[in-house]
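Undergrad: First, the structure itself, so that you have it in front of you.
Please treat every number below as a calculation from the coordinates, not as lab data. Quick caveat, the model's predicted, so the values are computed rather than measured. We place every Cβ from the backbone using ideal geometry, glycine too, and count neighbours over all the protein chains shown.
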Amino acid sequence: MKMVFVEAIGSKVSSIGFGCASLGSRIGTRKGIETLERAYEAGITWYDVAPSYGDGMAESIWGEFASGKRDGVYVCTKVGMRPPKTSNTMRLLKPLSRVAIAAVPALKQYVSRVRPTPFKVSLSAQLIRSSVEESLVRLRTDYVDVLALHRPTAEELVREDIIRAVERVVQDGKVRAISVAGDLEAGITALNESLPYRFIQIANAPLEPNLGKLKERAHRQRTFVTHGTFSGLERIVAKFHARKELLGALGDLGYRGSPTEMAIAFLADYAFATNSAGVTLVSMFKKEHLDFNLQRLGNGPTPERLNDVVAALGAGVKE
Ligand SMILES: NC(=O)c1ccc[n+]([C@@H]2O[C@H](COP(=O)([O-])OP(=O)(O)OC[C@H]3O[C@@H](n4cnc5c(N)ncnc54)[C@H](OP(=O)(O)O)[C@@H]3O)[C@@H](O)[C@H]2O)c1
């Protein structure tokens, strides 16, 4: 497993992190724990959860998985988004909908359209304190490695009461380091050296190259935690179909297979190569996805070699 040293917590962690947004919603408890165990066996030590993930279930399921191995794993949880209100009927229907989607994958689109989604709540010192306490209970631990402010506004990031509240949970030993998990504006704000944010979690993909924009401005040591690896897959595949020269350029770099297979490998390589010093979060509940992503990790072309394709797609790549 490729490991990276994370200064803010003084530890080496796996450079690929397991994204748990679907843990408890799309993925049920039993399958979720089996999958997390498989990832752990493969050497993944970084896990990303939030109170809002998995319809509010992700933290508890992770807590069950991590009990007995807390010293060997790192967890980032968040504050600022609440899970959707799920009625008893919806809760009862959830296992049924998983079975239905497994049998007819086309149903997935419909179910995601009608599913209620998490919503943002305003940050306050009181919310930060209570949310951390509640997360610790669900995660079955007495500290989290990272607490991320979840989709904060730029104004919330610089507010005195919020800064004091996050510093307080660190001083109390409940949190080891603070992160921002939001959009580019939040990421840029968090780079300010006088603020306490040591991690920046942000989407990063060839069509959304946020990391390059942040790295241009970063003067101090930060750990970037990226996600969104496969979110542009359909658009990239459409571009490959429309512009065969892009496939030719990937072929020259050694990529083989159908346009979709080439796009998947290219997206994984881009994500890992551009954030080689940080942690790339990926959702990998399917075994073949875990195996494929681990096989690509550290084995793709350098960012410089990917640059031609990225430039041709209309985006820039920076390492
Ligand atoms: N801070 C934020 O606001 C924020 C926002 C979004 C996400 N996140 C974090 O980032 C994590 C990842 O989320 P994401 O949106 O970036 O999703 P992603 O990792 O791009 O995964 C999206 C989909 O791609 C599939 N996949 C994974 N590896 C694949 C492969 N090799 N080939 C084909 N498909 C593959 C996954 O399937 P399976 O899971 O079924 O294997 C999943 O359905 C989340 O779980 C969460 O922890 C944070």
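Undergrad: How are the C-alpha pair distances of the chain spread across 10 Å bins, as whole percents from the shortest bin up?
TA: 6, 26, 34, 25, 8, 1
Undergrad: Sticking with this structure for a sec: Past the 28 Å Cα-Cα mark, which pairs from K2/K69; K213/K286; K12/K286; K85/K108; K2/K120?
TA: The pairs that break the limit, which is 28 Å between Cα atoms, are K213/K286; K2/K120.
Undergrad: Could you let me know the centre-to-centre spacing of the range 208-256 and the range 45-77, using Cα atoms, in angstrom?
TA: Comparing the Cα centres of the range 208-256 and the range 45-77, I get a distance of 28 Å.
Undergrad: Counting DSSP beta bridges with both partners in the range 138-220, what percentage is antiparallel, nearest 5?
TA: 10 percent
Undergrad: In whole Å, what are the extents of the range 165-319 along the principal axes defined by its C-alpha atoms, from largest to smallest?
TA: 54, 33, 23
Undergrad: Could you state the number of Å between the C-alpha centres of the range 264-319 and the range 130-148?
TA: 31 Å
Undergrad: Out of all DSSP beta bridges in the chain, what portion is antiparallel? Express it as a percent rounded to 5.
TA: Taking every DSSP beta bridge within the chain, about 20 percent pair in antiparallel fashion.
Undergrad: By the gyration tensor of its Cα atoms, with a ≥ b ≥ c the square roots of the eigenvalues, what is the shape of the range 28-78: rounded for a/c under 1.5, prolate for a/b over b/c, or oblate?
TA: Taking the square roots of the gyration eigenvalues as a ≥ b ≥ c, the range 28-78 is oblate.
Undergrad: With N set to the residue count of the range 1-145, report its C-alpha Rg divided by 2.2 N^0.38 Å to two decimal places.
TA: 1.10
Undergrad: Using a basic spin-label model with each label point 7 Å from the Cα along Cα→Cβ, how many nm lie between A312 and L253?
TA: 1.0 nm
Undergrad: Still on this structure, please answer the following. Treating only the Cβ of Lys, Arg, Asp and Glu as charged (+1, +1, -1, -1), what charge dipole size does the range 211-250 show about its Cα centre? Round to the nearest 20 debye.
TA: 220 debye
Undergrad: Now a separate question. Can you give the extra length, in nm with one decimal, that the chain gains between A102 and S124 once fully stretched, where that is 0.36 nm per residue apart less the Cα-Cα distance?
TA: Stretched fully, the A102-S124 segment lengthens by 3.8 nm.
Undergrad: Could you list V73, V180 in order of exposure, starting from the residue whose Cβ has the fewest other Cβ atoms within 10 Å?
TA: V73, V180
Undergrad: Same structure again: Please report the antiparallel percentage of the DSSP beta bridges confined to the range 199-300, to the nearest 5.
TA: The antiparallel proportion sits near 10 percent.
Undergrad: Using the Karplus equation 6.51 cos²θ - 1.76 cosθ + 1.60 (θ = phi - 60°), what ³J(HN,Hα) coupling, rounded to whole Hz, does each residue of the range 67-80 give in order, writing x for Gly and Pro?
TA: Here the 3J(HN,Hα) series is 5, x, 9, 4, 5, x, 10, 10, 9, 10, 10, 9, 9, x Hz.
Undergrad: Provide the packing ranking of 185-193, 264-272, 4-12, i.e. peptides ordered by the mean count of other C-beta atoms within 10 Å per residue, highest first.
TA: Highest mean packing first, the order is 264-272, 185-193, 4-12.
Undergrad: Between K213 and S276, what is the label-to-label distance in nm when each label sits 7 Å out along the Cα-to-Cβ direction?
TA: 2.4 nm
Undergrad: Rank the residues M81, M1 as a footprinting-exposure proxy: fewest other Cβ atoms within 10 Å of their Cβ go first.
TA: Neighbour counts put them in this order, fewest first: M1, M81.
Undergrad: Show that you can apply the helix-only estimate: for the chain, add -39,500 (n - 2.57) for every DSSP H stretch of four or more residues, divide by all residues, and state [θ] at 222 nm to the nearest 500.
TA: Mean residue ellipticity, 222 nm, calculated: -14000 deg cm²/dmol.
Undergrad: How many nm is it between the label spots at D291 and K69, if each spot is 7 Å from the Cα in line with the beta carbon?
TA: Here the answer is 1.9 nm between the modelled labels.
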